[in-house]
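Please read the structure below before turning to the comments.
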Amino acid sequence: MKKFQFATIALALLTACSNSGGATGTRTAPTSANTVKVTVIYGSEKKDWLEPQVVKFNAARLKTVAGTTVVVEATAMGSVESADGILKGDLQPTVWSPASSIYIPVANLEWRKKNTSDLVDGKVNDLVLSPVVIAMWKPMAEALGWPAKQLGWADIARLSTAGKGWDTYGYPEWGAFKFGHTHPFFSNSGVTAMLAMAYAGSGKQRGLTLDDVANPATRKFVESVQSSVIHYGSSTGFFGDRMFDRGPSYLSAAVLYENLIVAQEDKRIKGQSAQLPVVAIYPQEGTFWANNPYAVLNAPWVTKDQRDGAAVFEKFLLDRPQQLAALEFGWRPADPAIGLSAPLDADHGVDTTQPKTVLEVPTADVIQATQSLWKTAKKPVDVTVVLDISGSMQGARIASARQSLQQFIGLLDDRDRLRVVLFSTTAKELSPLTALGPKRDELLRRVGGIIEGGDTRLFDTVLETYKALAKDGDPRNIRALVVLTDGEDNQSNPASKAELTRISDARGGEGGSSIKIFTIAYGTEAPTKALQEIAEPSGGKQYSSNPANIRSIYSEIATFF
Amino acid sequence: MRLRGSKTYIMKSQRLLFVGIIAVAALFVGGLLLVRNFVPGANPTVTVTLLYSTEKEDWLKSMVPQFEASSFGRVNGHPIKVEMKKLGSREVYLSVLNGEEKPDIISPASMLQIAILEDESRKKFGTPLVTVADRNLCKPVVSTPLVFVGWRERVDTLWPSGPGPDAWKKLQTAMMDQRGWSAFGKPEWGYLKFSHTNPLLSNSGFQAIVLMAYDQTRKTSGLSSADILANKDFQTWFQGMEGNITQFGSSTGDMMKEMVTYGPSRFDMLALYESVAIEQATNAKNRYGDLRVYYPPATLVSDHPFCVLNASWVNTEHRDAAISFTNYLLGRPAQEAALLNHGFRPTSREVPLDQAGSPFIKFADLGLKIGLPPEVQLPPGDVLSTLLDFWTRTTKN
């Protein structure tokens, strides 16, 4: 099942994050004999609120009834990827707090295949609330008729398929409509976005069935929205950052949680962000809530002490001071005694009289079918992998580079198009930009036989392959260049890097739809800074890697598409 | 010099002896008291355990410390400590019947559950664990009727003239209509989201389906199993209503809290207790606005009995302590607190509903009424079981 392929990615990602000290930090506190450690894995969108609460809680040295001091260690992670990690048993937290309860029935369904009881059972309390919304730059929302007109998924689908993009609405200067949501196999908001699209496509608001998901009309609607997606991502917090850092030329709108809009507007109002105002669109067809359930797992690795400790931490989070702190970060408190006041207001882009309605959460099998629908309805990717096979790659480096590239190929769909270019003193095309399906087995075999030797002609090769992808790639597809190198360039024209940086800048004409460059600095001799300078302006990302974590890096890159 | 054998000497020595005995006795008693007060375990606490239905949680949590500190809070000189556990009303009696819980007192939402436990425990053990008719050991403490609670704009759209005699019928028709609120010109409200708690878990949901059954059979008493099993019209109607509810709550208090926490997007209207609506009235105003109580054409009242169990684990001291706790809850301070702070209707006639500070005055705009609609008769246990079984077959619970 594809899902468990993604489970592997999830675990690899966790490793990558902990190795690289990435965005998903871990909060630890010293423990001693009379303490109990409660581990919490939580959805990344509540990191800004939760992290300071963990610090405060650990400093308070609160105790269980039995007198044991509770110490909390909390890790942020995409909600779906954490579920998959827990189901495999590789992640063993005391508490799981995904972004919403939607994925709990799926987790229970999978858990029960090997266990006699549910992973999450009994009543689970919500920590904080936020509706799933479409974040859109205010001028763009106004161009669509907001706020007089309540917008929805039908508007997004219409805009996505309008050949002229924003020109259709009299704003040619804004270019194409560029949309984004997270990867539905990693993140809760990606799942909810897909469910909302499936509901909108089937014309329903409740009772979504497997037949509805399989209906060609549903697929057509989903494909319409997906056609405007610039790329996906592993977490909602990441998407929010992308949108708010890079602005309207990069993304016109994205599926986020309301609280992220409040936080961005708060920054803008305080002069910490120069972007346009952003507003929350509450889809008129209905939406879902991120309710951030606090689930103490019914798993064999959770001890009674940890269960007691988890209850102490839960009570702390639900106490008024912590709930009031959540309000400051744009969350709607779970404590009904706390009113919905500033910053939950129009000045911060949100409307607390919304949402007017919700969509019914479908059964676990329908959720899984909707995830599968995404796999076949999403935009294909045209990707070129540029692999350094210079002499310095010998030994473990080339071996793990081969294996990780094979694994990366396994993550791509048959209809995705892949080109593989090897370079040392010169560049050689191992495989042209053609659909992966018919050539998958042959390509895997050829990759397994790659050998190293020669110098490093890095930037000339990247520039050439970038230009080739710009020429041969389909601009309707997600286009990406993945570059792996382990050494300084000693063969290229010095002007190549500057040219590459100039033409690949996502602030240019195509904005967020431009080719993304992902660079992997493999080992300590790789030109990390130079690679960063070509990756980040394109909307891609630079990674520092080694033979131990290269698989997880490739996996994270795959979450973009 | 005084002689030992003199009368004066004898009298004085007797007095001294008497004073000495009194002093020693006083010292003994005083010491005993000191020991009781300051030496742990010297004056053991009598712990009373209570299993109660969730909707009373806030009231009981505020009353217990006051009771323990009051003159009621002692039995045979020992301090009483109350330990409480909340469960759904059905779980309250089932857990006792199954032996999972061994409390001294149980307090489900209604005498209905006490009647079922009396019947079931008699069958199981030969002697009932509770007796409805024993007003020494089993006393209703506060009451509240089943009502509709909804967001005013939406309920007024559904029932422009209020919930008249055809309230349930109109509601069911709207629930069945796949156009949802679009049929009322309000497409932005989505599908109609009425709900109640799961009757297998919670008394208010149980009461809601009893009211539906009575309404559809056009009765207010004498509901029979045949009314449920041999009436195709009722069955179709009931399936239309319950089959279109997308989410049943597990507890009344939590469901009301959810309505207020999430606002109208989650629920348009619920059938639950007047008291929980009152309890959340202020919160609702501060979050999503105008919430209102609507009284159904006929209702059922939950009387919240406190019943001391006739069980081997309840000894005389526990029983006396439990009775003392119940009596405290029936006293004026606790009854007033139940009304003023938690929206319950007091059992004590000394506490009027229309007194100053009463929610029936304070929250008049909530639609509260002191006078109640007619009450339907509680059906016998076998009829209730038939209805529950039918509900289980009908819904996607």
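The values are calculated or read from the model by the stated rules, or taken from the named source; none is laboratory data. All figures in this text were calculated on a predicted structure; none of them were measured in a lab. Here Cβ is always computed from backbone atoms with ideal geometry, including for glycine, and neighbour counts include all displayed protein chains. Just the protein is used for accessible areas: all its heavy atoms, side chains included, with ligands, DNA and RNA removed. Shrake-Rupley method; radii C 1.70, N 1.55, O 1.52, S 1.80 Å.
Miscellaneous remarks
- Conditions (1) outside any loop (DSSP other than H, G, I, E, B); (2) over 16 Å from B:Arg135 (Cα atoms); (3) more than 14 Å from every other protein chain (Cβ to nearest Cβ); number of the one not met by B:Phe325: (2)
- Residues that are open to solvent by 20 Å² or more (accessible area, probe 1.4 Å), within 23 Å of the chain's Cα centre (by Cα) and within 14 Å of another protein chain (Cβ to nearest Cβ), drawn from segment A:183-239: A:Ala200
- Segment A:315-333 - residue that is open to solvent by less than 10 Å² (accessible area, probe 1.4 Å) and within 13 Å of chain B (Cβ to nearest Cβ) and, of those, farthest from the chain's Cα centre (by Cα): A:Gln323
- For segment A:390-438, filtering for residues that are small (Gly, Ala, Ser), open to solvent by 30 Å² or more (accessible area, probe 1.4 Å) and either under 18 Å from A:Arg479 (Cβ atoms) or in a loop (DSSP other than H, G, I, E, B) (or both) leaves 2.
- When segment A:374-389 is filtered for residues that are under 24 Å from the mean Cα position of the chain (by Cα) and either within 14 Å of chain B (Cβ to nearest Cβ) or open to solvent by 10 Å² or more (accessible area, probe 1.4 Å) (or both), the ones remaining, listed by number, are A:Lys375, A:Thr376, A:Lys379, A:Pro380.
- When A:Thr370, A:Thr363, A:Thr352 are screened for being open to solvent by 20 Å² or more (accessible area, probe 1.4 Å) and out of contact with any strand residue (DSSP E or B) (no Cβ under 9 Å at 6 or more places or on another chain), only A:Thr363 passes.
- Residue list for segment A:88-130, filter: within 14 Å of chain B (Cβ to nearest Cβ) and closer than 23 Å to A:Glu51 by Cβ: A:Ser100, A:Ser101, A:Val124, A:Asn125, A:Asp126, A:Leu127, A:Val128, A:Leu129, A:Ser130
- Qualifying positions in segment B:48-74 - surrounded by fewer than 16 Cβ atoms within 10 Å (Cβ to Cβ), of a type in the set (Gly, Ala, Ser) and closer than 24 Å to B:Ser275 by Cβ: B:Ser62
- Residue within segment B:333-348 that is open to solvent by 30 Å² or more (accessible area, probe 1.4 Å), on the phi > 0 side of the Ramachandran plot, modelled with pLDDT under 95 and of a type outside the set (Phe, Trp, Tyr) present: no
- Considering (1) more than 14 Å from chain A (Cβ to nearest Cβ); (2) open to solvent by 30 Å² or more (accessible area, probe 1.4 Å); (3) not in a loop (DSSP other than H, G, I, E, B), the lone condition that B:Leu117 does not fulfil carries the number (2).
- Segment B:155-168 - residue that is surrounded by 15 or more Cβ atoms within 10 Å (Cβ to Cβ) and farther than 16 Å from B:Pro374 by Cβ and, of those, nearest to the chain's Cα centre (by Cα): B:Val155
- The residues of segment A:287-298 that are more than 14 Å from chain B (Cβ to nearest Cβ) and either over 19 Å from A:Lys37 (Cα atoms) or assigned to a strand (DSSP E or B) (or both), listed by number, are A:Tyr294, A:Ala295, A:Val296.
- Matching residues in segment B:75-108 - criterion: being open to solvent by 50 Å² or more (accessible area, probe 1.4 Å), touching a residue at least 24 places away in the same chain (Cβ under 8 Å) and over 22 Å from B:Asp58 (Cα atoms): B:Asn76, B:Lys102
- Selected residue [touching a Gly at 6+ places or on another chain (Cβ under 7 Å) and within 14 Å of chain A (Cβ to nearest Cβ)] from B:Gly180, B:Gly185: B:Gly180
- Residue count, segment A:119-172 (criterion: among the aliphatic types (A, V, I, L, M) and in a helix (DSSP H, G or I)): 7
- Some residue of segment B:145-153 being under 21 Å from B:Ser204 (Cα atoms), open to solvent by 30 Å² or more (accessible area, probe 1.4 Å), in a strand (DSSP E or B) and out of contact with any helix residue (DSSP H, G or I) (no Cβ under 6 Å at 6 or more places or on another chain): no
Quick grid of which residues meet (1) assigned by TED's automatic domain parsing to the domain that holds A:Trp96; (2) within 24 Å of the chain's Cα centre (by Cα); (3) open to solvent by 60 Å² or more (accessible area, probe 1.4 Å):
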position	(1), (2), (3)
A:Lys114	yes, no, yes
A:Asp118	yes, no, no
A:Gly122	yes, no, yes
A:Asp155	no, yes, no
A:Lys164	no, no, yes
A:Thr168	no, no, yes
A:Tyr171	no, no, yes
A:Gly175	no, no, no
